[in-house]
Amino acid sequence: MLGGVSFPPASDLSLTLQDRNGLPLRTTRAGDGSRTTWLSLDEMDPQLIQAFVALEDRRFYGHHGIDPRAVARALVQDLRHGRVVSGASTITMQLARLLHPAGHGIGAKLSQSLWALRLEAHLTKQQILEQYLNRVPLGQGAVGVAAAASLYFNASAGELSLGQVALLAGLASAPLVDNPWSSADRARARRSVALSRMVALGFADREAASRAATEPLTAGHGQSSFLAPHFTSAVLQWLGDSVQPTPDSRLPTPDARRTSLDLSLQTELESEVRHTVSLLHDEEVAEAAAVVLDNATGEILAWVGSPDFWADSAGQVDMVVSPRQPGSALKPFLYALAFDRGYTAASILPDIPRTYRTSMGPYQPRNYDRHFHGPVRARDALASSFNVPAVELTDRLGAGGLLRVLHDAGFRSLTGGADQYGLGLALGNGDVTLLEMANGYRALANGGVWRPVRWEADGRSDGRTDGPHFVSRGAALLVLDVLSDPVARIPGFGPDTPFDFPFPVAVKTGTSHHFTDNWAVGVTAGFTVAVWVGNFTGRPMRRISGVTGAGPLLHRAVMAVARRYQPGALPSPAEAGAVRVKVCRLSGLRAGADCPGTDEWFLPGTEPEGDCDWHAGGGVHWPAAYASWAAKDGRTDGQTDGHSEADRQSVSPSVRLAILSPQDGDHYEIPPGVDRRYATIALSAAATADDQPVRWLVDGSAISGSRWPLQSGTHRIRAVGASGRMAEVRVQVR
């Protein structure tokens, strides 16, 4: 009771967030967030009081709870805009709203006004200010100027700089979005407004305000009780506004919540993230992040959102939950869908030039190494992360089907439609978060069942082993088997990679367009690790790929987790009923006597029925169906295809003569205004050694080189091998 007015009591209870072993991470305030010792107005910095008056209610000392001039101004602005743009709330009205929340609208405003009149009738201006400044929310759960000064500046509210008091005053109107940990730019802008108001009212001179505008927004990390800052900030957000943080670990802690975080692992991974950024500094890498999940329970074991949470510029950006393009890291979900649609790990996919007609124009996918690899088994295509087969699969299965699988796998950040992403969805042209990525891969380890992550430690599985599957258990386990196959990875990454572990790990990397983001994910039976390397600003790195950038960080992170938690053995596809069949490495069919054979897993009902006949009698007899895969290479810009003629002819060591480009029946158009010297198409063929070199004839006339200048009409293009073999296609040009 104060001046005849009853105030809600200040809560003395606090909440401590602990790691899974009971070690304190962060101490918070519960209830209304007021401090154990009430901070009187006399103990506050005088400029702090002036800053709030200047920004929130400059005529505070001249009205009786309602400011008629502010009401008139707000009414004019609201009528002019046709909506409420200004509320004309005085400090007294704001205090009334804090004491008696009444929602929004005219009725709520009227209630606040009546309460403000009552407060002004029973309390002095000093008492109103004291109540208000101890109860006003100021972002990140801090309630009151004392909690906010301690949180942002590690300082007392009685001794603050001009820039600090202006910053705190600037947070009062929109504390959730204007605080420096949510948006440094917005916090800086609000501070400038507060400084300008203080100068205008004579509370500060221009020179002092100019110096204050250059002060750091927050102080460095000075409290040992504020650990795992990105993780604990996320937990407090999940808990809701009823939990109010302060970094003072000396407060009483009758209530404690034990989180799933492992502080020792967290500390080591924070060090590894900083080490990675230091190593890659010369390659234009400034940031990195990592997250670790327990596969069985979904518990978050480690969460590192940035190298330095306390960096003034962007340390509070949390890349664990900030959407970015994942590159090839989404391909496993495409192949899981394909396995459920009847494809197998032995299915032969075309990795050859092709132009796709899309709503955005011609699309010509290229591999990371800028080469084409001819016919490849799905196992090699996925493990080596070839782009061209992935785009072909997306074209066959449909981007809409892939998007549905990704949504069911927890990628909620993909808010666009299938038409927006198109064929590039498999190559990661949509933004997702690192936490979504880790939990999506964790779902593969759990047999294709997605379940939410947990931040509280209880060591129990949720028991949902038979929940809804976004892909079948067999498809999920087959994908993990492919991603843990070091031999299948060699064509794309070579024999030496950071992904050699002393235990089974399914690994996938991703590199976004223009080298702005690196991703790497490692899945064991026991845990999943996902890491990101790049720049918050989107500035490209110097050709750092997922293998060279995020890969080494993933290796060190996986080994750090394995020292504390058993990785275990990845579940075998046999657990889903898959059987092993010896197949031809080239055709994917059952291996014959002359075939180079390898064992492959097949889900029930997908085993190849026929024997390979490609090697009958020695050599390789390539089926005519391969020609139907040939690309429509309609380039008219005079550029190369990203691979040499030798690359084109090395897709298979001894195939029969077949024209790869152009394809029989292709149609081309000569763009208006393009110099005819640059309107050309590539001529390429697959041939045995006996047929090399291949000669080209167009309408019976010999063509030198491997590109043909387009000419209007219908044309017959013939490839003639050295042995006399011939292949022919017809094309039309407009």
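Residue check: ILE490 meets all listed conditions (1) under 26 Å from VAL285 (Cα atoms); (2) outside any loop (DSSP other than H, G, I, E, B); (3) at pLDDT below 90 but one, namely (1). Cβ-Cβ distances below 8 Å connect the following pairs, each with a first residue in the range 358-383 that is acidic (Asp, Glu), a second residue that is at pLDDT 90 or above and not in a loop (DSSP other than H, G, I, E, B), and a separation of six or more residues or different chains: ASP380/ALA488. The range 295-398 holds strands (runs of 3 or more DSSP E) entirely within its bounds, and those carrying 1 or more residues that are at pLDDT 95 or above and among the β-branched types (Val, Ile, Thr) map to 300-304. Within the range 670-683, being modelled with pLDDT of 75 or more and either assigned to a loop (DSSP other than H, G, I, E, B) or more than 14 Å from VAL731 (Cα to Cα) (or both) holds for ILE670, ALA679, LEU683.
Okay, residues lined up against (1) out of contact with any Pro (no Cβ under 6 Å at 6 or more places or on another chain); (2) assigned to a loop (DSSP other than H, G, I, E, B); (3) assigned by TED's automatic domain parsing to the domain that holds TYR565; (4) crowded, with 24+ Cβ neighbours inside 10 Å:
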{"position": "PHE501", "(1), (2), (3), (4)": "yes, yes, yes, no"}
{"position": "PRO504", "(1), (2), (3), (4)": "yes, yes, yes, no"}
{"position": "THR509", "(1), (2), (3), (4)": "yes, no, yes, yes"}
{"position": "TRP519", "(1), (2), (3), (4)": "no, no, yes, yes"}
{"position": "GLY522", "(1), (2), (3), (4)": "yes, no, yes, yes"}
{"position": "ALA525", "(1), (2), (3), (4)": "yes, yes, yes, no"}
{"position": "GLY538", "(1), (2), (3), (4)": "yes, yes, yes, no"}
{"position": "ARG542", "(1), (2), (3), (4)": "yes, yes, yes, no"}
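Would you check if there is a residue in the range 584-594 being within 42 Å of the chain's Cα centre (by Cα), among the acidic types (Asp, Glu) and either outside any strand (DSSP E or B) or at pLDDT 70 or above (or both)? Scanning the range 584-594, I find no residue that is within 42 Å of the chain's Cα centre (by Cα), among the acidic types (Asp, Glu) and either outside any strand (DSSP E or B) or at pLDDT 70 or above (or both), so the answer is no. Annotation: ALA345 fulfils all but one of (1) under 22 Å from ALA443 (Cβ atoms); (2) surrounded by fewer than 24 Cβ atoms within 10 Å (Cβ to Cβ); (3) not hydroxyl-bearing (Ser, Thr, Tyr); the unmet one is (2).
The rows are residues; the columns are (1) hydroxyl-bearing (Ser, Thr, Tyr); (2) surrounded by 17 or more Cβ atoms within 10 Å (Cβ to Cβ); (3) modelled with pLDDT under 75; (4) over 44 Å from the mean Cα position of the chain (by Cα).
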position	(1), (2), (3), (4)
GLY3	no, no, yes, yes
ALA10	no, yes, yes, no
ASP42	no, no, no, yes
LEU48	no, yes, no, no
VAL53	no, yes, no, no
GLY62	no, no, no, yes
ARG73	no, no, yes, yes
LEU95	no, yes, no, no
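Go through LEU99, LEU114, LEU119 for me and flag whichever is assigned by TED's automatic domain parsing to the domain that holds GLY202, modelled with pLDDT of 80 or more, more than 24 Å from SER40 (Cα to Cα) and of a type outside the set (Phe, Trp, Tyr). So that I can check it myself, show each step before the final result.
Numbers: LEU99 fails: more than 24 Å from SER40 (Cα to Cα); LEU119 fails: more than 24 Å from SER40 (Cα to Cα).
Answer to the selection: LEU114.
Residues in the range 288-318 that are touching an Asp or Glu at 6+ places or on another chain (Cβ under 9 Å), of a type in the set (A, V, I, L, M, F, W, C) and surrounded by 23 or more Cβ atoms within 10 Å (Cβ to Cβ): ALA288, ALA289, ALA290, VAL292, LEU293, ILE300, LEU301, ALA302, TRP303, VAL304.
Consider the range 703-734 and keep the residues that are within 20 Å of ASP690 (Cα to Cα) and among the hydrophobic types (A, V, I, L, M, F, W, C). The one that is surrounded by the most Cβ atoms within 10 Å (Cβ to Cβ) is ALA719.
Return the total of residues in the range 471-487 being surrounded by 24 or more Cβ atoms within 10 Å (Cβ to Cβ) and assigned to a loop (DSSP other than H, G, I, E, B).
Here is the first cut: in the range 471-487, the ones surrounded by 24 or more Cβ atoms within 10 Å (Cβ to Cβ) are 471, 474-480, 482-483.
Next, from what is left, pick out any that are assigned to a loop (DSSP other than H, G, I, E, B): 471.
Going through the range 471-487 one residue at a time, the tally reaches 1.
Which residues, taken from the range 597-612, are surrounded by 11 or more Cβ atoms within 10 Å (Cβ to Cβ) and within 24 Å of SER572 (Cα to Cα)? Let's see the steps before the verdict.
Going through the range 597-612, the residues surrounded by 11 or more Cβ atoms within 10 Å (Cβ to Cβ) turn out to be 597-598, 600-603, 606-608, 611-612.
Of everything in the range 597-612, those that are surrounded by 11 or more Cβ atoms within 10 Å (Cβ to Cβ) and within 24 Å of SER572 (Cα to Cα) turn out to be GLY597, THR598, GLU600, TRP601, PHE602, LEU603, THR606, GLU607, PRO608.
Hey, any hits in the range 380-396 for a residue that's surrounded by fewer than 18 Cβ atoms within 10 Å (Cβ to Cβ) and not basic (Lys, Arg)?
Residues of the range 380-396 surrounded by fewer than 18 Cβ atoms within 10 Å (Cβ to Cβ): 395-396.
Narrowing further to those that are not basic (Lys, Arg): 395.
The answer is yes, given that some residue of the range 380-396 is surrounded by fewer than 18 Cβ atoms within 10 Å (Cβ to Cβ) and not basic (Lys, Arg).
Against the numbered list (1) of a type outside the set (Gly, Ala, Ser); (2) without any contact (Cβ under 8 Å) to a residue 24 or more places away in the chain; (3) crowded, with 17+ Cβ neighbours inside 10 Å, ASP178 comes up short only at (2). If you go through the range 261-294 and pick out every residue that is assigned to a loop (DSSP other than H, G, I, E, B) and under 23 Å from GLY440 (Cβ atoms), you end up with 2. Restricting the range 684-702 to residues that are under 27 Å from PRO375 (Cβ atoms) and surrounded by fewer than 16 Cβ atoms within 10 Å (Cβ to Cβ), the residue that is modelled with the lowest pLDDT is ALA689. Mind checking which residues of the range 27-40 are surrounded by fewer than 19 Cβ atoms within 10 Å (Cβ to Cβ) and either among the β-branched types (Val, Ile, Thr) or at pLDDT 50 or above (or both)? Correct list: THR36, THR37, TRP38, SER40.
Within the range 234-269, restricting attention to residues that are among the acidic types (Asp, Glu) and surrounded by fewer than 21 Cβ atoms within 10 Å (Cβ to Cβ), which residue is modelled with the highest pLDDT?
GLU268
Of all the criteria given as (1) at pLDDT below 95; (2) closer than 26 Å to ASN295 by Cα, the one not satisfied by GLY422 is (2).
The values are calculated or read from the model by the stated rules, or taken from the named source; none is laboratory data. Not measured: the values here are computed from a predicted model. Here Cβ is always computed from backbone atoms with ideal geometry, including for glycine, and neighbour counts include all displayed protein chains.
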